[in-house]
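A short reminder: the numbers here are calculations on the coordinates, not readings from a lab. All figures in this text were calculated on a predicted structure; none of them were measured in a lab. Neighbour counts are summed over all protein chains in view; Cβ atoms, including those assigned to glycine, are modelled from backbone coordinates with ideal geometry.
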């Protein structure tokens with residue numbers, strides 16, 4: 001093996017070994033459903049981190065269609081990255097299935113607490129569901145996120161698609177998932193809350 005190639009591989013291995021990890025535990029909104037993964041907000045977040053000269057690697061463990069129960073079931077695997085920060089973006093699929101808000105909150109609370117016990121800081125991303133589920137259910141669902149932020153003392157991002165969901169130009173035809181144009185808006189919202197956690 002040529003010396004320069006060997007040296008390059010050793011350098012890359014060293015960078016990987018010393019890099020700090022950020023784990024994204026989410027559903028289709030974070031998995032990049034319907035778009036190229038490289039266009040998704042998680043990939044854009046990695047670009048922002050790289051631009052700062054920081055030594056962070058984002059591990060996207062998101063799965064389309066996942067629920068809070070699914071995220072909880074695979075949390076141990078995600079924590080093997082020994083993350084400095086865990087970004088949790090789950091709950092929308094639970095809401096679309098009409099699951100009890102108390103159950104959704106309980107699952108999210110366990111995810112957060114177990115991540116914190118693993119010495120990771122947690123950033124919670126809020127989601128909303130369509131109004132046709134009824135005002136009472138919608139209000140109970142959305143209240144989960146600020147309640148958890150207060151009770152477990154962690155930062156959260158209010159509805160991450162606030163400036164995207166009502167813009168046809170930023171949404172896919174299904175009306176549920178942001179397209180490539182909407183991804184930078186989401187990335188910026190997450191970045192504003194993530195940056196203080198890295199200092």
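Couple of notes before you dig in:
- Going by neighbour counts of Cβ atoms within 10 Å, the residues 198, 148 line up, fewest first, as 198, 148.
- With contacts taken as Cα pairs under 8 Å at a separation of at least 6 residues, the stretch 67-116 carries a relative contact order of 55 percent.
- Against the chain, whose longest principal axis is taken from its Cα atoms, helix 41-51 shows a tilt of about 40°.
- Ordered by the number of other Cβ atoms lying within 10 Å of each residue's own Cβ, fewest first, 89, 151 fall into the sequence 151, 89.
- Proxy reagent accessibility, fewest Cβ within 10 Å first, across 38, 21: 38, 21
- Rounded to the nearest 10 degrees, the inclination of helix 101-117 to the longest alpha-carbon principal axis of the chain is 20 degrees.
- In the chain, helical runs assigned H by DSSP with n ≥ 4 each contribute -39500 (n - 2.57); averaged across all residues and rounded to the nearest 500, the mean residue ellipticity at 222 nm is -13500 deg cm²/dmol.
- Axis of helix 183-194 versus longest Cα principal axis of the chain: the two differ by about 80°, to the nearest ten degrees.
- Span per principal axis, largest first, for the Cα atoms of the chain (Å): 65, 40, 27
- The stretch 20-198: relative contact order in percent, alpha carbon pairs under 8 Å with at least 6 residues between: 23
- Global form of the stretch 108-197, assessed from the alpha-carbon gyration tensor, a/c cut-off 1.5: oblate
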